[in-house]
1. With respect to residue 440, determine if the residue is under 18 Å from residue 283 (Cα atoms) and either surrounded by 14 or more Cβ atoms within 10 Å (Cβ to Cβ) or touching a residue at least 60 places away in the same chain (Cβ under 8 Å) (or both).
2. Answer yes or no as to whether residue 415 is farther than 19 Å from residue 293 by Cα and basic (Lys, Arg).
3. Is it the case that some residue within the stretch 335-357 is surrounded by fewer than 24 Cβ atoms within 10 Å (Cβ to Cβ) and touching a Pro at 6+ places or on another chain (Cβ under 6 Å)?
4. Applying the selection to the stretch 144-162, what residues are in a helix (DSSP H, G or I), touching a strand residue (DSSP E or B) at 6+ places or on another chain (Cβ under 9 Å) and not aliphatic (A, V, I, L, M)?
5. Return the total of residues in the stretch 245-284 being more than 18 Å from the chain's Cα centre (by Cα), open to solvent by 10 Å² or more (accessible area, probe 1.4 Å), within 21 Å of residue 454 (Cβ to Cβ) and not β-branched (Val, Ile, Thr).
6. Report the residue count in the stretch 421-430 for those that are over 30 Å from residue 98 (Cα atoms) and either surrounded by fewer than 14 Cβ atoms within 10 Å (Cβ to Cβ) or in contact (Cβ under 8 Å) with a residue 60 or more places away in the chain (or both).
7. Those residues that are touching a strand residue (DSSP E or B) at 6+ places or on another chain (Cβ under 8 Å) and either under 20 Å from residue 378 (Cα atoms) or in a helix (DSSP H, G or I) (or both), I need them from the stretch 407-437; list them, please.
8. Residue under question is residue 433, and the condition is that it be open to solvent by less than 10 Å² (accessible area, probe 1.4 Å), charged (D, E, K, R), farther than 15 Å from residue 98 by Cβ and touching a His at 6+ places or on another chain (Cβ under 9 Å); does it hold?
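The values are calculated or read from the model by the stated rules, or taken from the named source; none is laboratory data. Being a predicted model, the structure only gives us computed values, none of them experimental. Neighbour counts are summed over all protein chains in view; Cβ atoms, including those assigned to glycine, are modelled from backbone coordinates with ideal geometry. We work out accessible area using only protein heavy atoms, side chains counted, and drop any ligands, DNA or RNA first. Shrake-Rupley method; radii C 1.70, N 1.55, O 1.52, S 1.80 Å.
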Amino acid sequence: MAEKRGSSITKIAFLCLFITTTMMFVLSSRGRPGLFDHKTMPAEKLLTVFNNGDSQTSNQSNAESSNGSNRAILANSEKQRVEEGGFQVTCNGNLKEPLKIFLYDLDPEFHFGLLDWKPQGNSVWPDIRTKIPSYPGGLNSQHSIEYWLTLDLLASEFSENPSSREAIRVKNSSEADLIFVPFFSSLSYNRYSKLSPHQKKRKNWELQEKLVKFVMGQKEWKISGGRNHVVLAHHPNSMLNARMQLWPAIFILSDFGRYPINVANLDKDVIAPYKHVIKSYVNDTSDFDSRKTLLYFQGAIYRKNGGFARQELYYLLKDEKDVHFSFGSVQRNGIRQASQGMHSSKFCLNIAGDTPSSNRLFDAIASHCVPVIISDEIELPYEDILDYTEFCIFIRTSDAVKKGFLINRIRSITKDKWTQMWEKLKQVEPLFEFQYPSKEGDAVQMIWQSLSHKVSSVKMKINKSKRYSRFVPRKRRGLRTRTK
């Protein structure tokens, strides 16, 4: 009887404890966000703000826009920001903190030395507060992204408000999200890929060999297996040797046309835009009727590999009265002629050549000429947040080479539809502008954003690689009896 009474008392005590605990939880939750408060939930869209200004680039500064207004580009053009814990939260739900980049202090022969810059004193970097080494123009500039990204990292050290930047340089690699390898590989290819009479080996190949030896010898590479390193190889022919050894790194590329899928892919790498070479269409007051040319293409017509469509389309379109389809190059005022032609055309063809991508797409965007993309294997920058169908026309190569298909498709697009796409082109144009100083929402900042999206995956891979230690334990010894 005493046992039953004791059991009942115990049950009552537990019941009272449960009720008391529940009441304390309910009372303590008052005055704070609910368990599923909308502010604690991740937003769905990624916000990017950029200045609606003059998109012409200069070596040190750009003209400010006449109205000084800001535009927000979202996948659905909505603006969403939330405040949480005193930090600004972007619409992907993450705290807006700069990407922390550790910059290898490579010898100038790998970067600004290729621009004939000579170091002063012990520093391997130019003092960009006094003078910035200039980059060559023409077709060289289209693959100049390593130059602009490196300048932006160097400039972050002198920023008055580093937290407002997309990326900042840190001096301790243990604090870094990513490790940046500042080799101007595209410039190296363009300038030193040919063998000089007195050379036994191309300088471009020598630099790649030295780079691989340096990078793979660093403790940062050995710790991560290279997964958190950023290597730039924007020119399709750059880093031809080193890419096969540095493949675990994040590559910044123009496309995957000349890479095996296990060496470069969207899972680990970033596609970056070309720098357009034609003149931006500043203060564009044109309209559908004032652009007299329906469809424009000027460039190399006879190409190898996937570029066979150019030749096919030339014979299909050359006799169309409002179509311009002709051979062209940068020589003999070719860039100026292309600028005039694109500025006065409604649609501009971007056809695959030797590789899936070309600078012609970004020239069209800068011209506000609606791009017509005929390249089945093309990958596009920022496509995780940009819907290119809002300002581009996509046509499969197999359809484009059918007689009458392409021209009929273009003629079927109404004036209102074209105007919508033209307006969208003017909105997205700043996202593809390279400039120094970099501005919020320009190409430099967008590339940093694209890299930031890779960080969590990189850290997960590095952490998983540490699961099983390579340490081999000493041979286990048996029990030993103590002898006197």
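1. No, not satisfied.
2. Criteria not met by residue 415.
3. There is at least one residue in the stretch 335-357 that is surrounded by fewer than 24 Cβ atoms within 10 Å (Cβ to Cβ) and touching a Pro at 6+ places or on another chain (Cβ under 6 Å).
4. 146, 150, 152, 156, 162 - these are the residues of the stretch 144-162 that are in a helix (DSSP H, G or I), touching a strand residue (DSSP E or B) at 6+ places or on another chain (Cβ under 9 Å) and not aliphatic (A, V, I, L, M).
5. Number of matching residues: 3.
6. Number satisfying all stated conditions: 2.
7. 407, 409, 410, 411, 418, 421, 422, 425, 427, 428, 430, 431
8. For residue 433, the condition - open to solvent by less than 10 Å² (accessible area, probe 1.4 Å), charged (D, E, K, R), farther than 15 Å from residue 98 by Cβ and touching a His at 6+ places or on another chain (Cβ under 9 Å) - is met.
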